[in-house]
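Notes follow the structure.
The values are calculated or read from the model by the stated rules, or taken from the named source; none is laboratory data. Remember, predicted model here, so these are calculated numbers, not experimental data. Note that each Cβ is placed from the backbone with ideal geometry, even for glycine, and that neighbours are counted across all protein chains shown. These accessible areas exclude ligands, DNA and RNA; they are computed on the full protein's heavy atoms, side chains included. Shrake-Rupley method; radii C 1.70, N 1.55, O 1.52, S 1.80 Å.
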Amino acid sequence: MTSYATKLIEITEANAETIAQQWYNNVKLNPRTPAYHTMPEEEAKRQAMYFFKNFGKLFFTDKPFEEAQALFSRFAEDRYRQRIPLAEVIYTLTLMRRHMWLYSSSQAVFITAVEHHQAAESQSRTILMFDYAIYIIAQKYEELLKNEMEEKMKGLKIKTPLSFWK
């Protein structure tokens, strides 16, 4: 699997800009990603590039969850600050994965039956990496939302009926 995983990673990283452009063309018009419809193109593509350029780190590390935690906590914080709904962030990751595989498939790098089998194994590992990303992003969004709500509640200083008369 390693040589085919390496091939997938090399194709993804070497063609990150092309894949990101294809991804952007999809999210720009996709009814499931309205937050991206008005986002400047370069800003949106930077999100996909971030993932595609760091994909190899995730794939070959001995501790993929920990590596994903480092990469995607930051990614989640950035999307949260942009106020992109969590469902859209998750869907855009699904589209990133799809465009990565569509691109590699279009390059005819997996020709023989053995190569297709090994490519499928690589795809399983890729799906695992995306699953980690989705979990970490959802977890980070939850944490950021909780912190934001706690800060707002502190600022409200609501008086109880008994404290009103003091």
- Item | Nearest-10 value in Å² for the accessible area of GLU77, using the 1.4 Å probe | 50
- For the range 1-68: accessible area per residue (Å², 1.4 Å): 51
- Pairwise label distance in nanometres, ASP78 with LYS152, each label 7 Å out on the Cα-Cβ vector: 2.6
- Query: If we sort 134-145, 12-23, 47-58 on the protection proxy, mean other Cβ atoms within 10 Å, highest first, what's the order?
  - Reply: 47-58, 12-23, 134-145
